Amino acid sequence: MAARVFLSRSVHLLSKGKRSHLGRIAAYKYSTAAALEEPIKPTVNVDHTKLFINGQFVDSASGKTFPTLDPRTGEVIAHIAEGDAEDINRAVAAARKAFDEGPWPRMTAYERSKILLRLADLIEKHNDQIATLETWDTGKPYAQAAKIEVPMVVRLLRYYAGWADKIHGMTIPADGPYHVQTLHEPIGVAGQIIPWNFPLLMFSWKIGPALACGNTIVLKTAEQTPLSALYVANLLQEAGLPEGVLNIISGFGATAGASLCSHMDVDKLMLALLSFLANSGLYYGIIELEALESLASRAILYICKLIPVYCTGLDTDSLMFRQQLAFTGSTETGKTILELAAESNLKPVTLELGGKSPFIVCEDADIDTAVEQAHFALFFNQGQCCCAGSRTYVHEKVYDEFLEKAKARALKRVVGDPFKSGTEQGPQIDSKQFDKIMKYIRSGVDSGATLETGGEQFGKKGYYIKPTVFSNVKDDMLIAQDEIFGPVQSILKFKDLDEVVRRANSSRYGLAAGVFSQNIDTANTLARALRVGTVWINCFDTFDATIPFGGYKMSGQGREKGEYGLRNYLQVKAVVTPLKNPAWL
C-alpha cells in the first residue's frame, strides 16, 4: 500500500486491476438474482460482544443486551452488551485513573509511538477478519472494506504514531528579562462517539490523534455497528496499550451517549454524528421522574425538551412516562450535545455533522470523467456518506448529455450481496434508513422532479434500493435540501458561475464540494467562493491521513486528520520564569 491512500482512486481499482482512476468502470445491468440469492455466509466468528472497560471485556452493569443486525436480511448477527449510564461511569473512572495515575501520559512519546505502530501492524495482520465483520455489520462491499478502509485505518494510525514525538511547544521572546515557553499538554479524558457508516475508519480518526497526544478515551460505538471496534479492542493488550487508556462502550444515545456527553469527568468531546439517539428513527425509553438526580438523567429530559417529543403514555401515580423521541438529523443532535457539554463542565466539543455537498460540472468539463466521478461521489457506500455529492449542478449547455450518461451509469451499477465479488452497492444500514430514503424518493416525485431511473426496492429481502436518479430538480425541493443519506442523485441545471455559487452556498451545510472544469481560473474562482471545508477539483472523496476534514456552517466545528487533528486533544500552557542577568533577551 502506498504511503498515501486516495479513496477516490482506490475504489476504481478494486475489481479491474491496474487502470487510470479517471477511467470508466465496466458496464453492468441490474440483476435481481444478485439480491435474491441465498446470502453468502461470512467466514468469521463473532467472539467479542461485551463492553471493553479497563483492559477487560465485561458484561453491562444491567446485564442487558441488544441485537446487531445483518442489513442483507434483517436477521440477528449477535447480541451485544448494552452499556448505559453506569457503564459510562465505570469507563470514565478507568480512563481518569489511567490518565491521572497510569503510565500512558508519563511514558516517552517515542514509547507511545511504538505502541500505536504495533496496533497498526496487528490491524493489518487481521485485515480480512476485520473487513468481514465490517461488511457483515454495515452492508458495504467486502472489497471496499478489505482493500480501502482497513488499510486506511492502518495508514492513519501509523501517521499519528509518527506525530507522537514531534508534538512540542515554543520559546517566545517577551518584553523584559523573562524566559517564556509554551507546553502542549494532553487534554485528559476524551469522550468519543462514532457513526455507523464508516465504523472502524471513524474509530481510527478519533483514537489516533487522541492517543498520540497522550490522552485516555471512552468511545461509544454506533448501536448499529459495534463489531469491528470490539474486535480491535481484543488487540489492544497485545499491542501494549495500558489498562484503562481506551475503553469501548456499545449502547444507545439516550443512555450511554447522553451520559458521556454530560459527564463531569470527561474533558473533551469528539463526535461524528449521523444521529445521536436513534438513527433516523425512534427510540423508546422509560424515565423515572423520581430518579432525575444525576445530570445524565436530567440530560435525557433536556434532550426531550429540545427535540420533538411525542408522548405515548403517562402514569401519574407511578410518576413514570414513556416517550417516543424522533430525531431529524445530525445537526439538531449536534446542537443538543453542545448544550449538554455546556450544562455539565463546559467541556470543548468537536463535531463532524451532516452535509449536502454540491458537485459542479462546468460547460468545459470532461463529461465522461465528470459523470463517473459524480456517480462515485453520490453512490459510494450506498450513498451513506456525510460529504456525498448530493446536489449535482450541471451547466445548461451540457445538461442533457450529462443526464443521459448519468442515467446509463446508474443502470449499470451492480447491486447485490456485498460479499459477492463485483458488487458495487450493498443494502442500506437498516429498515429505518431504508424507509427514510423511500420517503424522500416519494417526496421528489410528488414535488415535480423527474424520476429517471430507480426509486424502488431492489429484490425482496434486505434493505437494498435501486440506484436512483432525479432530473429537473429545484433548489426548494426536499431532495435538494435535506441529507438523504442514500443512493439518490439529484441533477440540477445552472447558467453561470455567479448563479451556481449563490445556489451552492444557500445550503445550511458546508462540508464539501466538487468542481469539474478544465479552466484553472474557473476552478480557482469556485474553490475560493464555495463556503465548505473541502473542495475537490476534478476528483472527489480523495481522502488521506494528512488532509484535514471538517465543515463550515452547520456541518460541524473543528477539523479531523492531519496536523490539524492534533489540536483537538491538546491544550496550551504558558510558563514564565524571571531571568537574572541574562546574556541576551
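The number of residues in region 534-559 that are open to solvent by 60 Å² or more (accessible area, probe 1.4 Å) and either closer than 23 Å to S506 by Cβ or at pLDDT below 95 (or both) comes to 5. Give, as residue ranges, the strands (runs of 3 or more DSSP E) completely inside region 402-518 that count at least 1 residues that are under 30 Å from A143 (Cβ atoms) and open to solvent by 10 Å² or more (accessible area, probe 1.4 Å). Qualifying strands (runs of 3 or more DSSP E): 450-453. Out of the residues in region 82-93 meeting the condition of being open to solvent by 10 Å² or more (accessible area, probe 1.4 Å) and either among the small types (G, A, S) or part of a strand (DSSP E or B) (or both), tell me which one is nearest to K220 (Cα to Cα). For region 82-93, the residue satisfying everything is A85.
Scanning region 560-585 for residues that are among the aromatic types (F, W, Y) and within 25 Å of L351 (Cβ to Cβ), we see that the one that is surrounded by the fewest Cβ atoms within 10 Å (Cβ to Cβ) is Y564. In region 205-232, how many are polar (S, T, N, Q) and more than 19 Å from D137 (Cα to Cα)? Counting residues in region 205-232 that are polar (S, T, N, Q) and more than 19 Å from D137 (Cα to Cα) gives 2.
For region 94-120, filtered to residues that are surrounded by fewer than 20 Cβ atoms within 10 Å (Cβ to Cβ) and free of Cβ contacts under 8 Å to residues at least 60 places away in the same chain, the residue that is nearest to Y159 (Cα to Cα) is L117. Pairs linking a residue in region 555-584 that is outside any loop (DSSP other than H, G, I, E, B) to a residue that is open to solvent by 80 Å² or more (accessible area, probe 1.4 Å), with Cβ atoms under 7 Å and 6 or more positions apart or on different chains, are V576/Y178; T577/Y178; P578/Y178. Within region 386-401, the only residue that satisfies the criterion of being basic (K, R) and open to solvent by 20 Å² or more (accessible area, probe 1.4 Å) is K397. Of the residues screened, Y142 is one that is of a type in the set (F, W, Y), within 19 Å of the chain's Cα centre (by Cα) and at pLDDT 95 or above. Considering only residues in region 72-81 that are surrounded by 22 or more Cβ atoms within 10 Å (Cβ to Cβ) and among the hydrophobic types (A, V, I, L, M, F, W, C), the one that is farthest from K140 (Cα to Cα) turns out to be A81. Does T331 meet the test of being within 14 Å of F485 (Cβ to Cβ), assigned to a helix (DSSP H, G or I) and of a type in the set (V, I, T)? Yes, satisfied. Annotation note: Cβ proximity below 6 Å between a residue of region 510-528 that is without any contact (Cβ under 8 Å) to a residue 24 or more places away in the chain and under 18 Å from V394 (Cβ atoms) and a residue that is of a type outside the set (A, V, I, L, M, F, W, C) and buried (at least 23 other Cβ atoms within 10 Å of the Cβ) (sequence gap 6+ or interchain) occurs for A523/S517.
The values are calculated or read from the model by the stated rules, or taken from the named source; none is laboratory data. Every value quoted in this text rests on a predicted model; they were computed, and no experiment measured them. Because the Cβ atoms are built from the backbone with ideal geometry, glycine has one as well, and the counts that use them run over all protein chains shown. These area figures cover heavy atoms from the full protein model, side chains too; ligands, DNA and RNA do not enter into them. Shrake-Rupley method; radii C 1.70, N 1.55, O 1.52, S 1.80 Å.
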